[in-house]
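Enquirer: Quick one: the structure is below, and I'll ask about it shortly.
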Amino acid sequence: MTGAAVLWAGLWAGSQLAWRWAGLGVARRGRSATPTAALMLVGGPDPMVTPPMLDALHAAGVKATFFVDADAVARFPDLTRRIVEAGHSLGADLGGSAVSLPWVLISKLKRTRQAIQTATGEDIQFFTARPQAPPPSVLLAAHATGLTPVQGEPISAGLPAHLPQGRLLALSGTHSSTPDLLPPLLAELRARGYVPHPLPALPGLRPEHSGDLIPDLMGVVDVLYDRTGRIRRIGGHAHSLFRLGTAPYPLPTITLTDPTQPQGLSIAAGQRIAEFHLDSARLVQLAERPVAGRHVVKHSIHDLAAAMRDDPQWNTLPAVFSISIFSDVLRLYGFTVVELPAPMLRRLNWWSRTLRRAYGVSDLSRPHTPKLAVISRTELIRRFGERK
């Protein structure tokens, strides 16, 4: 890596951590081993936009959280009640700018809360402000009212290719395009395996705290590793676990089963082939839940076969390998598993323990031994080229 690349990587990582520090105390995600998401509709209610949004949500059987404005609630109390009667939850939309003072946000939050109570007879748990609103002002407003600040990921078109579990998806509650955006977006969420929730029902939703910084840093490490190594995620489903790149085969020459070569396929030490990696956070979670882990790994093997068959970046490479604690599971699916030499094993065991500490695994004494798993491209496609 060049000096400029190292400097860029350090600055990028520092900016990510600084942003996280500034956002402590704000809820940004749910935490659950199951694939979930939450819908936030920010702004309104609007008599031209809210009714068709409610119709789209009803047709999909999905509940959301509407973040409403005090003035709009006062103008359209019946529409506000209709949101609640349809089974959705409400929160306060504070708007805000880079110079929003805390007492201004506190006053608006109290006014919005009172307007919602007057219109519906119900209280709220959450509020949201614009991303540029100063974090100290937002946190002081939360402290003064006892409500939880949340920040969603803005969505103006389709879903992002990579959608971590528990993400809060924020759509405009006043833009005329949102009613047309909702049906395909909700269908895509379902197709990709996510279960959408309103915020009060989202498992594991809580404000970020200092203990989240270490796992966030590990996520930054994964991103930097992928960018510098030209590794990218494959799949796109909630159960898609793998990231794929290329690397030299790190062990002595091996002969693999290959349906196109009766004598087997020889992979030499140092030969560049495909290498897949597992998402660190999911890897640690699944290591504690082996049955669920097998299901997710099998789904991801189908993703891997499709990428090795169809993607020009990898469909000419003869084989693919991985080094992970799931290699014995991969053996069940036709991979050849090889023990690692002691120096490499010591290094990887240290990294495995580091990951488990970072992600808060309670039993660090439970053994998870990394091994290498490898399979020829044609054998992988023969076994997993079609989902059954």
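We did not get these values from a lab; they are worked out from the coordinates using the rules stated. As the structure is a prediction and not an experimental result, all values here were calculated from the model. Note that we place each Cβ from the backbone using ideal geometry, even for glycine, and neighbour counts take in every protein chain shown.
Enquirer: At a Förster distance of 35 Å, what's the computed FRET efficiency of Arg82 paired with Leu24, Cβ-Cβ distance as r, to 0.05?
Expert: On the way: r = 36 Å, r/R0 = 1.03.
Once rounded, the FRET efficiency stands at 0.45.
Enquirer: Taking 0.36 nm per residue of sequence separation and subtracting the Cα-Cα distance, how much length would be gained by fully extending the chain between Thr34 and Trp103, in nm to one decimal? Before the final figure, lay out the partial values.
Expert: On the way: separation 69, 0.36 × 69 = 24.84 nm, distance 3.90 nm.
Full extension of this stretch gives 20.9 nm more.
Enquirer: Pulled fully out, how much extra length does the chain show between Arg272 and Ser176, if you take 0.36 nm times their separation in residues and subtract their Cα-Cα distance? All intermediate terms of the calculation are to be shown ahead of the outcome.
Expert: Working: separation 96, 0.36 × 96 = 34.56 nm, distance 5.08 nm.
29.5 nm is the gain from fully extending Arg272 to Ser176.
Enquirer: Could you tally the net charge around Phe67, taking each other residue with its Cβ under 13 Å from the Cβ of Phe67, Lys/Arg +1 and Asp/Glu -1?
Expert: 0
Enquirer: Another question about this same structure. Report, in order of residue number, the helices in the chain meeting two criteria: a C-alpha extent of 20 Å or more along the helix axis, and a mean Kyte-Doolittle hydropathy of at least -0.5; treat each whole DSSP H run as one helix. Mind dumping the intermediate values first?
Expert: Working: long enough: 3-22 (28 Å, 0.64); 102-120 (27 Å, -0.25); 213-229 (24 Å, 0.65); 290-310 (30 Å, -0.11); 342-358 (24 Å, -0.82).
For the chain, where a helix must reach 20 Å along its axis and average at least -0.5, the hits are 3-22, 102-120, 213-229, 290-310.
Enquirer: If you rank Met344, Met48 by fewest surrounding Cβ atoms within 10 Å, what's the result?
Expert: Details: Met344 15, Met48 10.
Ranking Met344, Met48 by Cβ neighbours within 10 Å, fewest first, gives Met48, Met344.
Enquirer: State, to one decimal in nm, how far the label point of Asp222 lies from the label point of Asp311, with both points 7 Å from Cα in the Cβ direction.
Expert: Here the answer is 1.5 nm between the modelled labels.
Enquirer: Can you give me the Kirkwood hydrodynamic radius for the chain, using every pair of distinct Cα atoms, in Å to one decimal?
Expert: On the way: mean 1/r = 0.0430 Å⁻¹.
Value: 23.2 Å, from the Cα pair sum.
Enquirer: While we're here: Could you please rank Ile301, Ile155, placing first whichever residue has the fewest other Cβ atoms within 10 Å of its Cβ? Before the final figure, lay out each step's value.
Expert: Working: Ile301 22, Ile155 19.
Ascending Cβ contact count within 10 Å gives the list Ile155, Ile301.
Enquirer: To continue, here is another question. Report, by chain and number, residues whose modeled amide H sits under 5 Å from the one on Gly193, excluding near sequence neighbours (fewer than 5 apart, same chain).
Expert: Ala238
Enquirer: Here's another thing I want to ask about it. When DSSP beta bridges are limited to those with both residues in the chain, what percentage is antiparallel, rounded to the nearest 5?
Expert: Values: 23 of 49 bridges.
Approximately 45 percent, going by the DSSP bridge assignments.
Enquirer: Additional query: What is the count of Lys pairs in the chain whose alpha carbons sit under 29 Å apart, if the two are 8 or more places apart or on different chains? Write down the numbers at each step before the final one.
Expert: Values: Lys63/Lys108; Lys63/Lys110; Lys298/Lys371; Lys298/Lys388; Lys371/Lys388.
Counting lysine pairs in the chain gives 5.
Enquirer: May I pose another question? Restricting to Cα pairs below 8 Å that are 6+ residues apart, what does the relative contact order work out to for the chain? Please round to a whole percent.
Expert: Values: 690 pairs, mean separation 65.5, N = 388.
This gives 17 percent for the chain.
Enquirer: Kirkwood Rh and Cα-based Rg: tell me the resulting Rg over Rh for region 161-268, rounded to two decimals. Could the numbers behind the result be given before it?
Expert: Working: Rg = 20.9 Å, Rh = 18.4 Å.
My calculation puts Rg/Rh at 1.13.
Enquirer: Follow-up question, since we're still on this one. Can you sort Asp69, Asp222, Asp78 so the residue with the fewest Cβ neighbours within 10 Å comes first?
Expert: Details: Asp69 23, Asp222 16, Asp78 9.
Final ranking by Cβ density, sparse to dense: Asp78, Asp222, Asp69.
Enquirer: Going by average Cβ density within 10 Å per residue, which order do the peptides 116-125, 376-385 take, highest to lowest? Walk me through the numbers before you get to the answer.
Expert: Values: 116-125: 15.8, 376-385: 20.1.
Those peptides, ordered most packed to least, come out 376-385, 116-125.
Enquirer: Per DSSP H run of at least 4 residues, take -39500 (n - 2.57); add these up for the chain, divide by its residues and hand me the 222 nm value, nearest 500 deg cm²/dmol. Working shown, then result.
Expert: Working: 13 runs with 166 residues, N = 388.
Rounded to the nearest 500, it is -13500 deg cm²/dmol.
Enquirer: Please compute the volume of the convex hull spanned by the alpha-carbon atoms of region 13-208 and report it per residue in Å³.
Expert: About 113 Å³ per residue, rounded to a whole number.
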